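Notes to accompany the following structure.
The values are calculated or read from the model by the stated rules, or taken from the named source; none is laboratory data. The structure presented is a predicted model; accordingly, all values stated were derived computationally and were not measured. Every residue, glycine as well, gets a Cβ built from its backbone with ideal geometry; the counts of neighbours run over all protein chains shown.
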Amino acid sequence: MVELTVGYVSGIIAAGVFVDRAVSIESWIRLVVAVIISTAGIVTPLGLYDAVLPAPDTTPKTFKYIPDQSPMGDGTPPRHSLGFSRHCGLYTCPGSNSNITVAGNLDPETDRDDEWNITIPWNLTYAFASGLPELSPTVSSIWDIEWRNYELTRRENYNKGSLYAVGSYRQVENRILSDRIEVAEGVIMDTKDGGIGFRNHTLPLRSKYGSTWTEDLLFVVPQTSCVNLNLTLDFKWQSVPVNVTITDRGGFVNLHQQQPEHSIVQTQDNFDLHNKAYTAAWLTNAMGMVYLNVTNPSSHGYAHSFESPVSRCDTWQIPIYSCASAAKALIRTVRFRYDGSGGLGGLRVVDMTEKTYQTEDESPLWGVENSSIPLYVAQPLWGIVSKEYQNRSDISVIRKGSLWLPGFGDTTLGGPVDGLLNLPGASFHLTSLGYLYSLSNTITHGVGDYTGKTSSALYSKWREYSTQANTTSTIINLIWTDIVANAVVGTRGWLSPSSIPVGSANVSGQVEVPVTEYRKIIQYRVPFGIPAFVALFWLLLSVVTVFVLLFCGKARPSLVRRYLNYTSVGRTMTLLLYPGSTEPQTSTTIWASSVGNKIVDVSELAPSAADPVEIETSPAIKQRRTL
């Protein structure tokens, strides 16, 4: 047990009670500041980290063509140089020098005076790309779209029997389940919402941390609107559908007796896909009621609903929709990120947005070929034209951010490409839609299965999407995108001769594009610096306090030195144990030479002098006494 004496207790009380409050506060402040500084020394470095961030300025970089090493690239043969071609049935194509005379039996193969010239004339080639110099050099035209796969053939009556190319479809790869924006040989695929961009993929030379840049590219985007017929196919599944019935969910009983208004002739400004889909849905239900004999087709008839004889909980149920689709051409601004790996696999699309224009005059001037040839005979040409074609009778123009692509969708072609001639830019969107709307569970013309019959993942996705009309339209858009990606390829890029801007080529003839390179930069997480900021605050406060005391005369160097001398332990002990040896305020050098070698014994309870004590008066003290 520790014994506490009265003296010991009174010493503790004196230490705690009779210490000046300012001294006590100052001691606590020193303790807190010491803890803060110690914490800052440990925590502050933890906030340092390195990050790869874009540089503030762009750097010109040389671009070069990078082949696609994926199946999409392997399945794309080298490009041919035979050019584009078309024929217009019994009509002479615009700009053609063919002179066709058809006899009474309407056989154009034998009854004509001249050979057919199927080559696209130069004036049309120039016209429908004449507006590109006013845009970014990476924007494609109708002439920068080619069939991904092709065949070379010849016919005696075409171009005097010379060789020409025709489209051919081969399913290269199925990416419909990717659900993201992807790049492949010659195209950019939006497998999330649908759409195809055209780009011959050129990339900057390899960099350590990659780079980013933006390009304006031509996109063709499918637009689909679906309307629920409020009818379902109900059936039981016993290896095959059985007891198939049509169940009225309101499509018959709630059918409006008045046919909806619908204009067959619609322009670029009032094109209404939903109205087309709704009109088709109304006609389907009305004709279905007549066919099923559930109404009187007269104006006074009544609709009657009927239910499936099989319990709904025992059957599968498939909703029926009416859909209308078209394709729209527009320009999108695409931001790319390349990791510098040296392959196309390192290129990804960060984001893309439809290009915006400050004024209407900045919008592209779209042109569409205007001829007397029916659309089902020949698809019209289209593209971005210059102002010189505004008042031409053979070209219809509109200044707008996008263009609904013209043409006639034929579901009887049998395949997603035109295998007769070579003009993919004018027909690829229509042939793909025509094939899409005639899809079945039988794989034909080399096209993969898009029904979900052979893919459980695709089946699950379609089952989810087909529950609503707006997501059902996405099914059509995604199938169209995948078919088109396998059907066509874009050939325009930074290295295309017409794409190189004036002044952007170096001495080797390669084009240089401004890109933002990524660099490794040291960063700091500010929360880790809070202890250091607090310590810095106390440091600044101390400095300010010192300057204030100096200004007030409370902290003169001589005064501070006197306080230090009086409170120095060494000076105090020698003054007490070796009295008269030195002056308390003498300089450090004199004090050290006179008493610095004196020995103090601290082995006992109280310190004592270990050297002989000679009581003498120092010269400084004597001098002061004399004065």
Across region 251-289, which residue is nearest to LEU365 (Cα to Cα) among those that are surrounded by 14 or more Cβ atoms within 10 Å (Cβ to Cβ) and small (Gly, Ala, Ser)?
ALA277
Find all pairs meeting these conditions: Cβ atoms under 8 angstrom apart; at least six residues apart or on different chains; first residue within region 237-255 and farther than 10 Å from GLY288 by Cβ and touching a residue at least 40 places away in the same chain (Cβ under 8 Å); second residue among the basic types (Lys, Arg) and part of a strand (DSSP E or B).
ASN243/LYS236
Among residues of region 30-44 being touching a helix residue (DSSP H, G or I) at 6+ places or on another chain (Cβ under 8 Å) and either of a type in the set (A, V, I, L, M) or not in a helix (DSSP H, G or I) (or both), the residue nearest to SER542 (Cα to Cα) is VAL33
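Looking only at region 556-591, count every residue that is in a loop (DSSP other than H, G, I, E, B) and in contact (Cβ under 8 Å) with a residue 12 or more places away in the chain and tell me the total. Spell out the reasoning first.
At the first step, the residues of region 556-591 found to be in a loop (DSSP other than H, G, I, E, B) are 556, 568, 578-587.
If we keep only those that are in contact (Cβ under 8 Å) with a residue 12 or more places away in the chain too, we end up with 578-586.
The qualifying residues number 9.
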Looking at the structure I just gave you, is THR212 surrounded by fewer than 20 Cβ atoms within 10 Å (Cβ to Cβ) and under 30 Å from PRO133 (Cα atoms)?
yes
The residue from VAL368, VAL350, VAL397 that alone is assigned by the TED database to the domain that holds GLY197, surrounded by 20 or more Cβ atoms within 10 Å (Cβ to Cβ), within 37 Å of the chain's Cα centre (by Cα) and modelled with pLDDT of 90 or more is VAL368
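Got a sec? Which strands (runs of 3 or more DSSP E) wholly within region 71-182 have at least 3 residues that are at pLDDT below 90 and under 30 Å from ASP449 (Cα atoms)? Spell out the reasoning first.
Values: elements: 145-147, 149-154, 163-168.
Per the criteria, no element qualifies.
Is it the case that region 580-594 has a residue that's farther than 30 Å from PRO612 by Cβ and more than 60 Å from the chain's Cα centre (by Cα)? Talk me through it step by step, then tell me what you get.
Keep residues of region 580-594 that are farther than 30 Å from PRO612 by Cβ, which gives none.
Within region 580-594, not a single residue is farther than 30 Å from PRO612 by Cβ and more than 60 Å from the chain's Cα centre (by Cα).
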